[in-house]
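The structure appears below as structure tokens.
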Amino acid sequence: DAATKFFDVLQVGKVYTLSKGSVKVTNRNYNSCNHRYEITFERDAQIVETADEVKIESVKFNFTDLRTVQSKPLPVRVDLCGIVTEFRTMTTVKSKEGKELLKRDITLVDDTATSMDVTLWGDWAKTADSNFEGQPLIGLKSILVKEWNGGRSGNILESGTIVFKPDLPEAERIQQWWSKGGSSQTVTSLRGAGGGMGAARTSTHCSIAEMRARSERVGDQPENFTVVARLAVVQMRKQGEPQPLHYLACSNPREGNGLPCNKRVDSSGFCAACDRPAKVATRLNARCRFSDSADSVWLTTFHEPAQLVLGMSGEEVQALDGIGKEGDGNREPLENAIRQRCFLQPMEVTVRAKLDTYNGETRTNVTCISAAPVKYGVAGRRMLKEIQALLGA
């Protein structure tokens, strides 16, 4: 009752006076604060907003460096401060209960020359990509660190907070380390042998040829691989017929999570999944061939990565495409735009390999689930480690 009564009253960042609470010993099963006691407020509590006359820290950090995290018993809850060296676009995953969850993976490094992957969930995953660009310094409150694939990784808890460019001595020290040579220093990763970034932590960096060979050996569990490649060709025709690169999808919010439906709608704009007329959005689904220095591979590329690969939104592709328009179905403007993207720049392409069944036959299905520009500093350090490993072999 008290939570319902004061839900609309309390707002993050504002100051309140609270009275008529009861003090008791902290129940560690439900309270992660360090204090021995906790205060509980019931429905008869008095909560009044007041002026912020005294400087109150909105977030109180107790940072633990990543080298210390490496030796702590697991699981452990910590606050972290470091440089974001890698980040991936927001994706959705399904929980064991079937709910769709928003997530984003980042890699954090600090002045102990140690790095760790951290997963951001929910609203924190929605943080704009621009906030993570340029290798920003961030503080992370309430990160739960667990074992993952023989390594360690973190997840932000519901009570967690992210602060960009925190004005704290620890943050200043890490920023100075990064600026004075830390950015080129060899880093020890807490990532396990099967760890990675992107839509799943099992993404492994390899060449297209290695990805192809490993995909043929995939088992019951899907595996993810990341290759550095360039766009070579986009399939515009299939068996002599024009191959559409876009479709109209339902953007009605799903019940329970508010995420868009994204199912294909019919010509009248009706969504069979929602069983009602849809608010439509243009989504991409392209068949692309990617090439590296030694091999190439055809991959079905879905909407989010396709936008980066093609350099256009779904609406921009639709505007250039002559299919379905009055006239002769001229696709030359779209083909010219795509041709300019071919072999333009290298990309980190993450693919998922899993076993699917077609007409009773089991075979491997490999699709592109993520794409991002190559971060040359990160890629260069990775190649240097590979060279050092070869020299030491």
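Give the residue, chosen from ALA213, ALA193, ALA286, ALA232, that is hydrophobic (A, V, I, L, M, F, W, C) and at pLDDT below 85. On inspection, the qualifying residue turns out to be ALA193.
Filtering the range 328-349 to residues that are modelled with pLDDT under 90, of a type in the set (S, T, N, Q) and within 30 Å of VAL374 (Cβ to Cβ) leaves only GLN345. Check the range 375-389 and report whether any residue there is open to solvent by 40 Å² or more (accessible area, probe 1.4 Å), out of contact with any His (no Cβ under 6 Å at 6 or more places or on another chain) and part of a loop (DSSP other than H, G, I, E, B). Yes, there is a match, as at least one residue in the range 375-389 is open to solvent by 40 Å² or more (accessible area, probe 1.4 Å), out of contact with any His (no Cβ under 6 Å at 6 or more places or on another chain) and part of a loop (DSSP other than H, G, I, E, B). Look at (1) farther than 21 Å from MET236 by Cβ; (2) open to solvent by less than 70 Å² (accessible area, probe 1.4 Å); (3) basic (Lys, Arg) and you find that LYS354 fails only one, number (2). Out of everything in the range 208-231 that is open to solvent by 10 Å² or more (accessible area, probe 1.4 Å) and small (Gly, Ala, Ser), what residue ends up being farthest from SER296 (Cα to Cα)? Here the residue is GLY219.
The residues of the range 82-132 that are of a type in the set (Ser, Thr, Tyr) and surrounded by 13 or more Cβ atoms within 10 Å (Cβ to Cβ), listed by number, are THR85, THR89, THR91, THR92, THR107, THR112, THR114, SER115, THR119, THR127. Only one of the numbered conditions (1) at pLDDT 85 or above; (2) touching a strand residue (DSSP E or B) at 6+ places or on another chain (Cβ under 6 Å) is violated by ASP356, and that is (1).
Would you say SER268 is assigned to a loop (DSSP other than H, G, I, E, B) and either within 24 Å of the chain's Cα centre (by Cα) or modelled with pLDDT of 85 or more (or both)? Give the derivation first.
Working: assigned to a loop (DSSP other than H, G, I, E, B): yes; either within 24 Å of the chain's Cα centre (by Cα) or modelled with pLDDT of 85 or more (or both): yes.
Yes.
If you take the residues of the range 150-192 that are among the charged types (D, E, K, R) and over 30 Å from ALA389 (Cα atoms), which of them is most open to solvent (accessible area, probe 1.4 Å)?
Our first condition is that a residue be among the charged types (D, E, K, R); within the range 150-192, this holds for 152, 158, 165, 167, 170, 172-173, 180, 191.
With over 30 Å from ALA389 (Cα atoms) added as a condition, the list becomes 158, 165, 167, 170, 172-173.
Values: GLU158: 189, LYS165: 161, ASP167: 150, GLU170: 65, GLU172: 110, ARG173: 119 Å².
Going through the qualifying residues, I end up with GLU158.
Tell me, which residue of the range 69-81 that is in contact (Cβ under 8 Å) with a residue 40 or more places away in the chain and part of a helix (DSSP H, G or I) is most open to solvent (accessible area, probe 1.4 Å)? Quick ask: steps written out before the conclusion?
Kept after step one, since they are in contact (Cβ under 8 Å) with a residue 40 or more places away in the chain, are these residues of the range 69-81: 69-70, 72, 74-81.
Remaining after also requiring part of a helix (DSSP H, G or I): 69-70.
Details: VAL69: 0, GLN70: 87 Å².
So the residue we want is GLN70.
The values are calculated or read from the model by the stated rules, or taken from the named source; none is laboratory data. Because the structure is a prediction, the values reported are computed rather than measured. So basically every Cβ, Gly included, is an ideal-geometry build from the backbone, and we count neighbours across all protein chains shown. Surface accessibility is based on the protein's heavy atoms, side chains included, excluding ligands, DNA and RNA. Shrake-Rupley method; radii C 1.70, N 1.55, O 1.52, S 1.80 Å.
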